[in-house]
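Here's the structure we're looking at; comments come further down.
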There are 2 protein chains.
Amino acid sequence: MTEERNQDARTRAADNLVSIFERQIIDGTLAVGKPLPPEREIMQSFGVSRTVVREAVQTLSTKGLVDARPRFRPVVRTPGYDAAIEAVGSVVNRLLTVPGGVRNLFELRIMMEAALVRDAALNADKNHVARMKQALADNEAAISDSQRFFETDIAFHRVLYEVPDNPVLPPIHQAYTDWLSSHWTRMPRDPEHNHVNYRAHSRIFESILFRDPDAAELALRYHLDYAWNQVRQTFAEP
Amino acid sequence: MTEERNQDARTRAADNLVSIFERQIIDGTLAVGKPLPPEREIMQSFGVSRTVVREAVQTLSTKGLVDARPRFRPVVRTPGYDAAIEAVGSVVNRLLTVPGGVRNLFELRIMMEAALVRDAALNADKNHVARMKQALADNEAAISDSQRFFETDIAFHRVLYEVPDNPVLPPIHQAYTDWLSSHWTRMPRDPEHNHVNYRAHSRIFESILFRDPDAAELALRYHLDYAWNQVRQTFAEP
DNA sequence: TGTGCATTTTTGTCATACCAAATTGAAATG
DNA sequence: CATTTCAATTTGGTATGACAAAAATGCACA
């Protein structure tokens, strides 16, 4: 047949397949949304066993390049920033278990959102302001309902990630809430705390309205430091 | 025990194994640095075929939880923020190929570093300042050597990521340079541009010395916007 | 005690088989 | 002609067995 001598004895055959598919996915030979060829077909065209094919597909799936539901043909996934986030999921979960892990991630979040509120204070347009106002109203209306308050809380913060109009940011917000929510939800939640948090949101919003980035950053740090203290107490993190 | 009837027919057996191993790795049953049991041992203790075991191990490897060099026993990996970054590598590479991908990532970087220089202006201690000064000197000395200038450029920025003393940040810097370097390196590099960039670094450093976060942010944005224009021209990105 | 080699494990790969679920296409139905 | 039904076929998930090559092991030897 054609030449297929690529067994380096140092590299796995499956890894070769993976890089080939990665290339084909990027250059469009394998179109987005279309399924991969059947495993038996792949093994023939590459001259490898099905074992190898399956391992390759498995890797592609874990990397987030294809969507491989059990029993269905793997489908080439739409390139999206959420897929990237998803790919780190398990590693991050492990990081959260190491000492200081939650703290480190939370601090990163504070730093990001501080930058975001500054940006919002400078660049938020009428549309964004309106959405923040709405989110804030929903937040206030939910003070007595801790579950709904939690959701509207997240929604308020999400608007901040939408202001810069960078599609990378919303998935990052999603990731933060996913990763930290299990800790977040354990902190004491009652109308009193909710009220404090609503007031904080309110101050952030006002500072943005006044186009005052310093005040906005200050208000946000105050807000998230308060939240962090709650989380810390719940976990007795140092 | 011997009974393991958990085949939902909706879930892959390998996925079950993966979650089991994930748990065992997190709770320490599988110690960091130690190899996983031999495949044949695993298949016996879980009552699955070797096919399944191999797929599970493959997934763990892709997820970055174990280090699986070919022909060697997979070793449980030290939890590290670099492993997380590594896990997103292939997805990010794909993102860089979509329209505006480089731009979005670069903007995220600008936002991050803007926050970092503000933080440095407020919180950098003598140690950090000394290292920045050293990095700046190295940078100046390399103006005539574009290759070395590139390296010292990166080193200067890296110090910014070290100031907040958050172990998440340096790997992020590493990731940025890895992902964007292929684009970065294609932009025109000559002593003249190097000089401009050195001057920019210098201004950033001075602003940090003066404890002036606004000036620092301004200098950094000017610097990175300049850099972005170079990259953009090289690629004709919109 | 340290070292080199033969033996045993163990991984990487292949081939084959079987079941159950998904897909397909034809037949039946409205 | 469009739609539904259902049986035949395809395909993915898993199991088993086999074999070469590389790694781990242990033993004899210096």
Subject >> Evaluation of residue B:148 against (1) within 26 Å of residue B:101 (Cα to Cα); (2) more than 14 Å from every other protein chain (Cβ to nearest Cβ); (3) of a type outside the set (Asp, Glu) (one fails), failing number >> reply: (1)
Original post:
Taking the stated definitions as given, is residue A:51 within 15 Å of DNA strand D (Cβ to nearest atom) and not basic (Lys, Arg)?
Top reply: yes
Subject >> the stretch B:9-27, residues that are open to solvent by 80 Å² or more (accessible area, probe 1.4 Å) and either at pLDDT 90 or above or near DNA strand D (Cβ under 9 Å from one of its atoms) (or both) >> reply: B:23
**OP:** Would you please list the contacts, defined by Cβ atoms under 6 Å and residues six or more apart or on different chains, that run from a residue in the stretch A:149-167 that is free of Cβ contacts under 8 Å to residues at least 40 places away in the same chain to a residue that is among the hydroxyl-bearing types (Ser, Thr, Tyr) and surrounded by fewer than 20 Cβ atoms within 10 Å (Cβ to Cβ)?
**Re:** A:154/A:177
**OP:** Kindly check whether there is at least one residue in the stretch B:9-20 that is over 27 Å from residue A:19 (Cα atoms), touching a residue at least 12 places away in the same chain (Cβ under 8 Å), more than 16 Å from DNA strand C (Cβ to nearest atom) and not assigned by TED's automatic domain parsing to the domain that holds residue B:172.
**Re:** yes
**OP:** Identify the residue in the stretch A:86-131 that is among the hydrophobic types (A, V, I, L, M, F, W, C) and over 21 Å from the mean Cα position of the chain (by Cα) and, among all such residues, is nearest to the other protein chains (Cβ to nearest Cβ).
**Re:** A:122
Subject >> Subset of the stretch B:8-40 [out of contact with any Asp or Glu (no Cβ under 9 Å at 6 or more places or on another chain), farther than 16 Å from residue B:75 by Cα and of a type in the set (Gly, Ala, Ser)] >> reply: B:9, B:19
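Just one of A:109, A:77, A:118, A:69 is in contact (Cβ under 8 Å) with a residue 40 or more places away in the chain, of a type in the set (D, E, K, R) and within 16 Å of DNA strand D (Cβ to nearest atom); which is it?
Values: A:109 fails: within 16 Å of DNA strand D (Cβ to nearest atom); A:118 fails: within 16 Å of DNA strand D (Cβ to nearest atom); A:69 fails: in contact (Cβ under 8 Å) with a residue 40 or more places away in the chain.
Exactly one residue qualifies, and that residue is A:77.
Can you confirm whether residue A:164 is open to solvent by 20 Å² or more (accessible area, probe 1.4 Å) and assigned to a loop (DSSP other than H, G, I, E, B)? Break it down stepwise before answering.
Values: open to solvent by 20 Å² or more (accessible area, probe 1.4 Å): yes; assigned to a loop (DSSP other than H, G, I, E, B): yes.
Answer is yes for this residue.
What number of residues within the stretch B:60-76 are closer than 22 Å to residue B:171 by Cβ and open to solvent by 60 Å² or more (accessible area, probe 1.4 Å)?
If we filter the stretch B:60-76 for residues that are closer than 22 Å to residue B:171 by Cβ, which is where we start, we get B:60-69, B:75-76.
Still in the running and open to solvent by 60 Å² or more (accessible area, probe 1.4 Å): B:67, B:69.
Of the residues in that region, 2 qualify.
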**OP:** Restrict the check to the stretch B:126-140 and report whether at least one residue is buried (at least 16 other Cβ atoms within 10 Å of the Cβ) and closer than 16 Å to residue A:111 by Cα.
**Re:** no
Subject >> Residue under evaluation residue A:144, criteria (1) open to solvent by less than 20 Å² (accessible area, probe 1.4 Å); (2) of a type in the set (Ser, Thr, Tyr); (3) in a loop (DSSP other than H, G, I, E, B), criterion not met >> reply: (1)
**OP:** Identify the residue in the stretch B:37-59 that is within 8 Å of DNA strand C (Cβ to nearest atom), open to solvent by 60 Å² or more (accessible area, probe 1.4 Å) and not polar (S, T, N, Q) and, among all such residues, is farthest from the other protein chains (Cβ to nearest Cβ).
**Re:** B:41
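The values are calculated or read from the model by the stated rules, or taken from the named source; none is laboratory data. This structure is a prediction, so every number in the text was calculated from the model and none was measured. Glycine gets a Cβ as well: all are built from the backbone with ideal geometry, and neighbour counts include every protein chain shown. Note: accessible area is taken over every heavy atom of the protein model, side chains too, but ligands, DNA and RNA are not part of it. Shrake-Rupley method; radii C 1.70, N 1.55, O 1.52, S 1.80 Å.
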